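K.L.:
Once you've had a glance at the structure underneath, I'll fire off some questions.
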Amino acid sequence: MTALSKGNDNIAAALREALANCLINADYHTGGKVYIKAQDEGILFSNSGGFRIDLERALQGGVSDPRNALIKSIFKSIGVGKSVGGGIPNIYGAWEREGYAPPRLTEYFSPDRIELYLSFGS
């Protein structure tokens with residue numbers, strides 16, 4: 001049984017946040033793609049474009065510079081992504097509370113891409 005089938009609210013909120021961040025921060029003008037790959041072992045969220053703030057600041061939270069403010073407004077209107085700059089810390093916190101391995105957040109260059117891997121393993 002995976003975390004997705006357990007109906008865990010912490011995990012569901014973290015996955016909504018990860019999806020929202022992926023779509024909100026994607027660079028749709030570069031021809032890059034957004035993709036999500038879900039498997040029993042974990043989920044990979046990947047979007048084109050790099051971070052617009054320092055990666056360490058993103059991990060600490062409290063700072064937000066969304067690439068697509070309209071998409072952010074849409075998610076906020078349905079209750080996803082309520083706190084400014086809190087998405088990544090919220091995801092990390094949920095994974096820690098559930099005893100999963102820490103999320104792996106990676107930024108690639110040439111072409112710019114961000115990947116967030118959420119493992120369901122401990």
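K.L.:
Scan the strands (runs of 3 or more DSSP E) fully inside region 23-122 and keep the ones with 2 or more residues being open to solvent by less than 50 Å² (accessible area, probe 1.4 Å).
P.N.:
Output list reads 42-48, 104-108, 113-119.
K.L.:
Ok, one more. If you check every pair at least six apart or on different chains, which have Cβ atoms under 9 Å apart with a residue in region 100-118 that is more than 15 Å from residue 33 (Cα to Cα) and modelled with pLDDT of 95 or more first and a residue that is part of a strand (DSSP E or B) and open to solvent by 100 Å² or more (accessible area, probe 1.4 Å) second?
P.N.:
As it stands, the answer is 117/104; 118/104, since those pairs meet every condition given.
The values are calculated or read from the model by the stated rules, or taken from the named source; none is laboratory data. Remember, predicted model here, so these are calculated numbers, not experimental data. As a convention, Cβ positions derive from the backbone with ideal geometry for all residues, glycine included, and neighbour counts pool all protein chains shown. The area values use the complete protein model at the heavy-atom level, side chains included, leaving out ligands, DNA and RNA. Shrake-Rupley method; radii C 1.70, N 1.55, O 1.52, S 1.80 Å.
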